[in-house]
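*Asks:* Below is a structure I'd like to ask you about.
Derivation of every value follows stated rules applied to the coordinates shown; laboratory data play no part. On a predicted model such as this, the values are computed, not experimentally measured, just so you know. Cβ atoms come from the backbone with ideal geometry, glycine included; neighbour counts cover every protein chain shown.
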Amino acid sequence: MATLSFSTSSPPRILHHQQPKPILFPPDFTSSIKHVYTKPISVSNRSHGGVINATSAAPDPSGYSNPSSSPAKKLREIMKSPGVLQGPCCFDALSAKLVERAGFPYCITTGFSVSAARVGLPDKGLISYGEMVDQGQQITESVSIPVIGDGCNGFGNAVNVKRTVKGYIKAGFAGIIINDQVSCSGGERRVVSREEAVMRVKAAVDARRESGSDIVIVAQTGSREVMSLEESFSRARAFTDAGADVLSVDSLVSREEMKSFCNVYPLVPKLANMVESGGKNPVMNPLEVEEIGFKLVAYPLSLIGVSIQAMQDALLAIKSGRIPPPGSMPSLEEIEEILGYVTYREEEKRYATSSSSDRGSSNRSVYGSQQVTQDESEQRVVDPVVEVMIPEVVSNESRNPFSRIWSRSLRIKIIGRDGFEKLDVRIPAGFLEGVTNIVPALGGVNLKQLMDDAADEVGGKLLLDFKDTAGDRIQVFLE
């Protein structure tokens, strides 16, 4: 399958041998589609009498953070704000960028999602400490908001916990979750003794002190499910006495249990693990969670879940001979904005030298990997003039475009200037709106009108044949 390399390209100018018809899809059609983003807020309906603006600071597309404030300090400052704080769980740098872009004040990583995204394996202890730290560093370096990392059980005994905490500090995490499980795995759980669990927390506190850090330590227990509610509360108290900053109890099965947990050392912040599907906890909205007494709320499955579903839908469409409709994915310009292309280009200009200008900047072809030098591109600033013969179709039949177009398809074939085929794809008529996402050079070409005019032609009719500004030959056939 051909690899597509996208860049901006001027559409060919078409000379018709008949009266021009109105253009159904103007060149700026794709860019006119706007996505509406619902910005989350930190909410409070108690004595604070208002809401927190968790989106007051616009994210830096470059992902660079302000060195004057450590990630942990930022997180601690956020936790002083009134209201409950929502923290979606990310799994890589891109998902973290999207969390920040959506306006959330912080995010969390989970072993479940990172294991799925990085190694494609279940959360059964198969991902290593080194892989978790490496993935975490990529995440923290990509955003300016603080990130709480899933440190699992510390990957071993108390000494391993110290190494894990120090590694997460170096990776740039603002906080770390340490639990009392026997192994780093989801599903059916086993927990260590209360004494050993407390020692893990003490080891984490010692590692923080020895590193000169103020990383936030979130102590989590799974003893509610495998032992009792009373034992989970006893462990929570012991974790606080050992120096934990935030407490979390997994698998609380009712509002009453959640409320009772929040009454354990009420001034210590509590983290609610809002498992969206398959969890034992009741799923509640942020106002309800805050009313119970939680400070932080995590959403562990949302991003990885919808990502899997979206990719499955897209693959199903491609396998069926279609492409994902424009509304199901952002435009190329929006993707570039998310990834920080504008910031990159500004930085590139800032450090440009005369020698680099003399060498000429390399620009990739729209469809292939061959390079075009700046001098070559300047010689082709004039758009190609392509003469397209559109035959008049004489018919007494009513010219209903939908009755004649929807049963047809277009075959788009691209041959590079090196003679190698770069693209050969068939697109059903019902999905022409997104064709410029595949072939930008067709922007401004009224494909539906061309198809309608040639509706009575047999399959294989050549509608367009031209070369784009990069020298690639583009042919469009009616089938």
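*Asks:* Which value in Å is the Kirkwood Rh of region 197-274 over different Cα pairs? Walk me through the numbers on the way to the answer.
*Replies:* Values: mean 1/r = 0.0785 Å⁻¹.
About 12.7 Å for region 197-274.
*Asks:* Semi-axes of the equivalent ellipsoid for region 119-186, please: Cα gyration tensor eigenvalues, times 5, square-rooted, ordered largest first, whole Å.
*Replies:* For region 119-186, the semi-axes come out at 19, 14, 10 Å.
*Asks:* Same structure, new question: Where does region 77-236 land on the Kirkwood hydrodynamic radius, alpha-carbon pairs, in angstrom? Don't jump to the answer; show the numbers that get you there.
*Replies:* Details: mean 1/r = 0.0627 Å⁻¹.
In region 77-236 this quantity evaluates to 15.9 Å.
*Asks:* Further, regarding this structure: So how far, in whole Å, is the C-alpha centre of region 107-131 from the one of region 213-245?
*Replies:* Measuring centre to centre over Cα atoms gives 23 Å.
*Asks:* Next question, about the same structure. P(r) tail for region 195-337, what percent of Cα pairs lie past 21 Å?
*Replies:* 56 percent
*Asks:* Say R0 is 22 Å: what FRET efficiency, to the nearest 0.05, do residue 345 and residue 73 get from their beta-carbon distance?
*Replies:* The calculated FRET efficiency here is 0.10.
*Asks:* Which value in Å is the Kirkwood Rh of region 158-223 over different Cα pairs? Don't skip to the answer; put the middle values down first.
*Replies:* Working: mean 1/r = 0.0829 Å⁻¹.
Result for region 158-223, one decimal place: 12.1 Å.
*Asks:* Using the beta-carbon distance between residue 424 and residue 315 and R0 = 25 Å, what value does 1/(1 + (r/R0)^6) give for FRET efficiency, to the nearest 0.05?
*Replies:* Efficiency, rounded to the nearest 0.05: 0.80.
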